[in-house]
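The values are calculated or read from the model by the stated rules, or taken from the named source; none is laboratory data. Owing to the predicted nature of the structure, the values given are computational and were not obtained by experimental measurement. FYI the Cβ positions are ideal-geometry reconstructions off the backbone, even for glycines, and counts take in every protein chain you see.
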Amino acid sequence: MADLTTKLLGLTLAHPVMPAAGPPVRDGEALLACAKGGAAALVTKTISVKAADVPTPNMADFKTYFLNTELWTELPPEQWLEVEYAKAKQAGLPMIISMGYTAEEIAEMAPKVKPFADAIELSTHYIADDPKPMQDAIRAAKVAGVPVLVKMSPFREPQPAAIAAQEAGADGIVAVNSYGPAFGVDIEHGGKLWMGGKGYGWISGPALKPIALRMVYDIAQVVDIPIIGVGGISKGTDVVEFLMAGATAVGVCTAAITKGHSIFGKIARQLDRWLDQHGYASVEEIRGLALKHDVPQMTKPPILVPERCTGCNQCVISCVYGALYLDENRKIRIHEENCEKCGLCISRCPVNALLPPEE
Ligand SMILES: Cc1cc2nc3c(=O)[nH]c(=O)nc-3n(C[C@H](O)[C@H](O)[C@H](O)COP(=O)(O)O)c2cc1C
Ligand code: SF4
Ligand code: SF4
């Protein structure tokens with residue numbers, strides 16, 4: 001068993017997987033279900049000074065991506081303070097309390113949540129691009145005397161925002177929130193819109209993962225505070241990617257909606273198995289590995305391992321340069337002179353029969 005212990009903001013977590021703000025943490029009961037499902041810490045649904053008036057319909061799943069037009073919590077802050085936080089605390093897990101949005105609103109709420117909060121997470125989703133409102137919100141939250149995380153939205157330039165957040169005293173970054181606005185049409189029902197409100201939604205789930213990874217990778221290069229990676233995580237290998245890109249821990253929202261609360265423990269077990277199978281003793285060993293590599297330049301064709309090839313033809317079809325073919329035994333072969341070193345076939349092979357060349 002690999003050591004999954006994760007140190008974050010002075011807390012020691014059993015592993016790096018926790019929920020991200022959204023329906024799976026919509027109240028105290030749901031937070032207890034996350035704990036039961038194996039989450040290593042809890043992140044609560046974003047509160048604001050008043051309950052949100054959430055449009056309906058507000059969620060739709062398209063497998064490779066998910067659309068939502070939820071806002072913050074539909075519960076008034078008093079209910080969180082009087083009932084929900086205390087209930088969630090029964091889980092005995094560290095609790096990160098999400099809130100938004102302006103400095104004035106944060107100044108009002110941060111001291112009130114302090115008795116329940118191991119850290120505060122600030123959503124910047126609805127505040128202006130200019131870093132000043134974010135910095136003011138961070139300074140307002142710091143008054144509570146607990147670590148403050150700032151959650152970045154993926155349509156902003158991450159590095160200047162992360163630097164500004166660190167300068168204002170942020171103790172960590174959460175990257176990212178959902179992306180949008182985006183649009184979908186229900187073709188089976190006369191072209192109806194999928195989303196209520198303005199008719200637009202925000203993208204989460206698998207399609208968001210590469211954007212979130214890029215944000216984590218960029219941010220990790222300019223700040224030295226920890227990053228919680230969020231976006232499209234549904235399995236252990238997704239966590240491996242985020243940790244290698246520089247995240248310390250990860251958050252899961254959409255996969256907990258579509259697959260249920262047991263996803264947290266499941267992802268942690270998959271992460272453990274992957275580390276074991278790949279000879280890594282701990283999550284620490286893989287953290288930031290991608291940051292140590294130079295940007296690759298492919299100057300030679302891929303290395304072929306024909307004995308692994310199952311003859312599935314996937315790489316041959318997609319080699320637009322016609323460099324690959326199957327021999328009479330349905331094993332992979334290459335016309336090296338045709339290979340333009342695009343690299344695609346390496347990612348297409350399901351059995352690792354095509355490897356990056358040693359440069
Ligand atoms: C239905 C829904 C509601 C969400 N509500 C919040 C919220 O209240 N506060 C927040 O910071 N992020 C919210 N998010 C964003 C998620 O926390 C997360 O950052 C984003 O969905 C990407 O992660 P995922 O692909 O694992 O869902 C919400 C996402 C969804 C899908
Ligand atoms: S690297 Fe690109 S061009 Fe070369 S064999 Fe693979 S897919 Fe074809
Ligand atoms: S994708 Fe892999 S297994 Fe399939 S034909 Fe190409 S080399 Fe063989």
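Annotations for the structure displayed:
- Single condition V295 does not satisfy, out of (1) within 16 Å of ligand 3 (Cβ to nearest atom); (2) part of a loop (DSSP other than H, G, I, E, B); (3) of a type in the set (V, I, T); (4) under 30 Å from I203 (Cβ atoms): (1)
- Residue within segment 257-268 that is under 27 Å from L344 (Cβ atoms), away from ligand 3 (no atom under 16 Å from the Cβ) and of a type outside the set (V, I, T) present: no
- When the criteria are applied in full, R348 fails the requirement of being closer than 30 Å to S204 by Cβ and assigned by TED's automatic domain parsing to the domain that holds G22.
- Among the residues listed as L324, L275, the single one being in contact with a strand residue (DSSP E or B) (Cβ under 6 Å, 6 or more places away or on another chain) and touching a residue at least 12 places away in the same chain (Cβ under 8 Å): L324
- Filtered residues of segment 301-313 (kept if out of contact with any Leu (no Cβ under 7 Å at 6 or more places or on another chain) and loosely packed, with under 14 Cβ neighbours inside 10 Å): E307, T310
- Listed here are the strands (runs of 3 or more DSSP E) enclosed by segment 66-167 that have at least 1 residues being assigned by TED's automatic domain parsing to the domain that holds T44 and more than 20 Å from V223 (Cα to Cα): 66-68, 95-99.
- Complete set of residues in segment 250-264 that are touching a strand residue (DSSP E or B) at 6+ places or on another chain (Cβ under 8 Å) and not aliphatic (A, V, I, L, M): G251, C253, T254, T258, F264
- Test result for Y200, in contact with a Leu (Cβ under 8 Å, 6 or more places away or on another chain) and hydroxyl-bearing (S, T, Y): no
Conditions tested, residue by residue: (1) surrounded by 11 or more Cβ atoms within 10 Å (Cβ to Cβ); (2) part of a helix (DSSP H, G or I); (3) more than 16 Å from ligand 3 (Cβ to nearest atom).
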| site | (1), (2), (3) |
| --- | --- |
| T299 | no, no, yes |
| N329 | no, no, no |
| E337 | no, yes, yes |
| C345 | yes, yes, no |
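- Test: residue in segment 144-159 that is surrounded by fewer than 20 Cβ atoms within 10 Å (Cβ to Cβ), at pLDDT below 95, away from ligand 1 (no atom under 16 Å from the Cβ) and not acidic (D, E): no
- Residue within segment 20-36 that is of a type outside the set (V, I, T), surrounded by 24 or more Cβ atoms within 10 Å (Cβ to Cβ), under 26 Å from G232 (Cα atoms) and in contact with a Leu (Cβ under 7 Å, 6 or more places away or on another chain) present: yes
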